[in-house]
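The structure appears right after this line, and notes come after that.
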Amino acid sequence: MGVLSTPRRILAAWFPWWPVERLAWRFPEARTRPFVTIGEQRGRLVIEAVNPRAAGAGLAPGMPLADGRAIVPDVIAHSDDPAADAHALKRLARWADVFTPRVMPAGVDGLFLDVGGCTHLHGGEEALLAALGVGLGGLGLTSRLALAGTPGAAWALARHGEKSPAIVPRSAGPAEMKEALAGLPVAALRLDADVVEALVSFGLDRIGALYPFDPGALAKRFGPGPRRRLEQILGFVEEPVISLPPPLPREARRAFAEPISAADSIRAAVEALLEDLCRNLSRTGEGARRLRLICHRGDGARSVLVAGTSRPLRRSRLLMNLFAGKLERIDPGFGIEKMVLSAEVVEVVEEEQEDWFARAEAAAAGRGGWTGGEDGAGGREELAALLDRLGNRFGFGSVACPVPRQSWLPERAVELREPLAALRRRGPGWPEGRCRPLRLLSPPERVEAVARESGESEPAGAPAFFRWRGRRRRLRAAEGPERLECEWWLEDAPSRDYYLAEDEEGRRYWIFCERPRDPAVPPRWFLHGFFA
Amino acid sequence: MSHVPKTKRRALEALRREIRRIEIPGEAGVACLSPGIPEIDGALPGGGLRAGCVHEIGGDEAATGFCAVLLARAGSAPGPLMWLARGDDLYLPGLVRYGIEPGRLLVASRLRRRADMLWAMEEALRCRALRGVVAEVDTLDRAASRRLMLAAEGSGVPGLVLWSEAGRGGAGRVRVPTADSRWRVTTVPGTGMTRWRVEVLHCRGGRPGCWVVEMASPGRPPCAARASRGMAATRLPRRLARAPRGMAARDLSRLAG
């Protein structure tokens with residue numbers, strides 16, 4: 001740092017209840033009731049973080065959960081997730097960039113903000129600290145803030161200082177800095193736990209106690225840590241605040257010097273926008289699921305086009321196909337001045353897995369696949385393009401891949417999956433030997449039926465006639481019943497007796513009789529499907 | 001053909017093949033889609049329905065089942081299958097009995113408008129990744145039918161147009177003017193088991209005929225169907241039109257589809 005440059009001003013924020021207060025965004029009870037996060041250590045569940053209520057009741061990190069439950073029986077325990085904590089901290093860092101663009105996570109529960117040169121924008125250092133405190137409070141975070149000339153000093157003051165927010169004045173030199181930090185415990189130096197323990201065992205429990213020692217002697221006995229940290233907090237050694245890389249915009253925009261209105265120009269502009277967008281998406285490994293193109297016209301009107309894809313996509317040529325049929329819907333009016341293309345929904349592009357197409361490739365290599373068929377990745381692309389076209393015309397829910405679901409109830413036995421995801425793996429089949437119709441009426445249609453008293457070959461209770469859609473059908477044969485109980489954990493419905501019945505014309509029906517538990521209530525008949 | 005001497009018959013066969021080759025370019029390489037029933041396969045050119053063509057299949061519910069059989073056979077090479085349905089009543093557990101593997105069939109439902117259905121079928125037929133397309137269309141005019149044929153020809157994907165006699169128009173009408181083959185499949189009443197009357201009304205390069213087929217074992221793909229050939233339904237051998245002895249209605253569920 002040159003002599004003429006402005007002195008560094010680093011703001012450290014510490015969130016003493018970070019993991020719990022972060023979870024409180026999703027679980028509001030973490031604010032009002034004793035709440036802890038737990039992790040597993042050597043086969044035991046151990047409390048990792050607590051909220052103020054739990055701490056007030058005597059729970060502390062490191063305590064086995066069983067002990068904690070003995071003290072506070074109704075404590076809510078939630079498994080900890082350090083990765084999610086870190087991710088949330090990163091998002092908080094992005095939020096904090098309204099104060100300064102240089103924000104970095106500090107440890108697992110704090111932030112560094114390099115506010116040098118930014119404070120006047122917020123009305124001074126005190127005002128900035130107050131604004132940050134209010135902002136964090138609005139997010140439900142308890143924070144301790146400190147502003148100093150170095151990250152180390154700010155960190156130490158935020159965590160171990162007496163008051164928050166604490167400010168080491170801009171004019172403070174090394175001597176004042178030393179004095180401001182002298183009373184803090186050595187743990188404020190961001191040292192390893194064993195080094196802190198060693199220092200404390202020598203009676204060196206305050207930072208001030210280290211000042212008289214020769215740095216070389218300190219390093220000899222306690223390793224390089226204390227010396228380096230001291231130099232860092234006093235500013236003799238530079239410690240950078242590395243801001244997070246800015247998020248790549250998931251949008252691309254073009255403003256035109258001359259408003260465009262020709263179809264060719266619009267098409268070229270959309271192609272260029274897609275190129276830009278796809279370049280951004282490829283850096284984050286994402287693909288677009290839904291795109292929105294907004295064309296701003298000279299007279300203030302806008303036209304908007306939306307296109308969806310069946311899988312995350314970042315190939316501009318394929319995305320262009322989705323827009324191709326829609327571009328004529330853009331009304332250029334007196335000319336389009338600006339176009340904004342944004343990826344509204346993005347997903348991570350997954351690596352290809354073994355699936356039908358991979359098998360197709362293998363088959364093609366082995367015994368020459370289906371003639372005329374195109375296999376492998378090309379086939380997947382082609383199918384995805386088809387699904388895109390169908391999806392953009394009929395809606396993405398209209399094409400689905402039905403797969404088995406474990407349920408005895410016919411209407412629940414099928415699950416509709418997204419086509420490309422479902423084709424990726426082979427699901428389980430239906431249990432063999434169950435007789436199911438080709439077409440299923442949903443919901444089942446109420447019919448009037450007459451049960452057989454007894455028959456030579458047909459079982460008693462099977463339907464003999466039924467009236468459906470105004471026509472009476474005589475049933476020549478019936479097979480059954482197959483009794484299906486309803487899933488009582490989902491709904492309370494009577495059991496059903498299913499019969500496969502054939503009428504005189506040869507049509508085969510799937511008819512069921514709802515048998516109420518109360519014998520006084522007459523059974524109701526329904527038609528549920530047709531066989532071939 | 002039994003009155004034709006063997007040598008002449010062989011020459012005739014060779015001539016027929018030659019004519020087919022001239023008629024349809026790339027005929028030799030066009031894979032065929034067989035119903036898997038030897039008696040019927042034998043009446044079809046090349047032993048099955050031509051891929052890269054549109055075929056018309058009509059009738060009652062049995063036609064749906066027969067489409068499923070053909071589609072399952074079309075999918076013997078890996079790749080997804082597509083069913084374009086007018087409603088949303090197609091029920092996969094029922095289709096599985098005819099050999100369609102779950103997780104492989106893509107179903108587009110509620111394509112109620114004819115224009116939508118035709119557009120979707122044309123798009124699907126252009127997609128070479130698919131192994132077969134079934135569309136529940138009622139009637140096609142010549143232009144639409146021709147478009148579908150061209151789309152199928154370009155990609156080699158077999159297309160099946162499934163129409164229902166219960167719908168408009170009734171039986172006996174030509175639905176797809178350019179169809180490569182035209183079928184009518186109906187259930188045979190009174191047999192107490194899955195038994196279909198399969199009629200080839202027209203087949204380019206093949207012979208029309210009528211058979212009664214029966215699902216031998218529903219769990220397995222229906223290649224093991226029994227068939228009998230007759231020029232008309234009235235000339236069916238009686239013993240096949242009747243249920244086998246001891247086959248009471250109780251066995252219906254085991255055999256029915």
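Would you please give the FRET efficiency between A:ARG292 and A:TRP25, computed as 1/(1 + (r/R0)^6) with r the Cβ-Cβ distance and R0 = 25 Å, to the nearest 0.05? Efficiency, rounded to the nearest 0.05: 0.35.
Projected label points at B:HIS202 and A:ALA262, each 7 Å from Cα along the beta carbon direction, are separated by 5.0 nanometres. Counting DSSP beta bridges in chain A, what percent are antiparallel, to the nearest 5? Here the antiparallel bridges make up roughly 95 percent for chain A.
Dividing the Cα radius of gyration of the range A:33-144 by its Kirkwood radius returns 1.10 for Rg/Rh. For a test of the definition: using alpha carbon positions, the gyration tensor, and the 1.5 limit on a/c, classify the range A:130-203 as rounded, prolate or oblate. Note, shape of the range A:130-203 comes out oblate.
What number, in percent, do you get for the relative contact order of the range A:439-531 if the mean sequence gap of Cα pairs under 8 Å and at least 6 apart is divided by its residue count? About 27 percent, as a whole number. Using a Förster distance of 45 angstrom, determine the FRET efficiency expected from the C-beta separation of A:ILE71 and A:VAL521, and round it to 0.05. After rounding, the FRET efficiency stands at 0.25. Three principal axis extents of the range A:251-348 based on alpha-carbon atoms, in descending order, are 39, 23, 20 Å.
In a reduced charge model with +1 at each Lys and Arg Cβ and -1 at each Asp and Glu Cβ, the range A:135-278 shows a dipole moment near 480 debye about its Cα centre. A Cα-only calculation for the range B:35-142 places Rg and Dmax at 13.6, 38 Å. Reported value for the range A:112-248: 140 Å³ per residue, from the convex hull of its C-alpha atoms. Note on A:ILE242 and B:ARG16: the model spin-label points, each 7 Å out from Cα along the C-beta direction, lie 7.7 nm apart. Over all Cα atoms in the range A:439-531, the spread is summed up by Rg and Dmax: 12.9, 40 Å. With a cut-off of 13 Å between beta carbons, the residues surrounding A:GLU48 carry a summed charge of -3, where Lys and Arg count +1 and Asp and Glu -1. Note on A:ASN321 and A:ALA255: with the Förster distance fixed at 30 Å, the Cβ-Cβ geometry gives a FRET efficiency of about 0.70. Sorting the Cα pairs of chain A by distance into bins of 20 Å, from 0 upward, gives 15, 28, 32, 19, 6, 0 percent per bin.
Each Lys or Arg adds one and each Asp or Glu takes one away; over the other residues whose Cβ falls under 15 Å from the Cβ of A:PHE213, this sums to +4. Which of rounded, prolate or oblate describes the range A:67-132 when judged by the alpha-carbon gyration tensor and an a/c cut-off of 1.5? Taking the square roots of the gyration eigenvalues as a ≥ b ≥ c, the range A:67-132 is prolate. The helix-only estimate of mean residue ellipticity at 222 nm for chain A, built from DSSP H runs of length n ≥ 4 each weighted as -39500 (n - 2.57), is -9500 deg cm²/dmol after division by the residue total. For chain A, calculate the relative contact order in percent as a whole number, restricting contacts to Cα pairs under 8 Å that are 6 or more residues apart. Reported as a whole number, the value is 8 percent. Over the range A:123-231, calculate the relative contact order: mean separation of alpha carbon pairs under 8 Å at least 6 apart, over the residue count, as a percent. Relative contact order here is 19 percent. Here's the picture: charge each Lys and Arg Cβ at +1 and each Asp and Glu Cβ at -1 in the range A:251-348, and of A:GLY335, A:ALA272, A:GLY287 the one pushed furthest to the positive end of that dipole is A:GLY287. Counted by Cβ distance under 9 Å from B:PRO80, the other residues give a net charge of +2, where Lys and Arg count +1 and Asp and Glu count -1.
Every number here is computed from the coordinates shown, using simple stated rules; none is lab data. Source: prediction; values computed, not measured. No Cβ is skipped: glycine too gets one built from the backbone with ideal geometry, and neighbour counts run over all protein chains shown.
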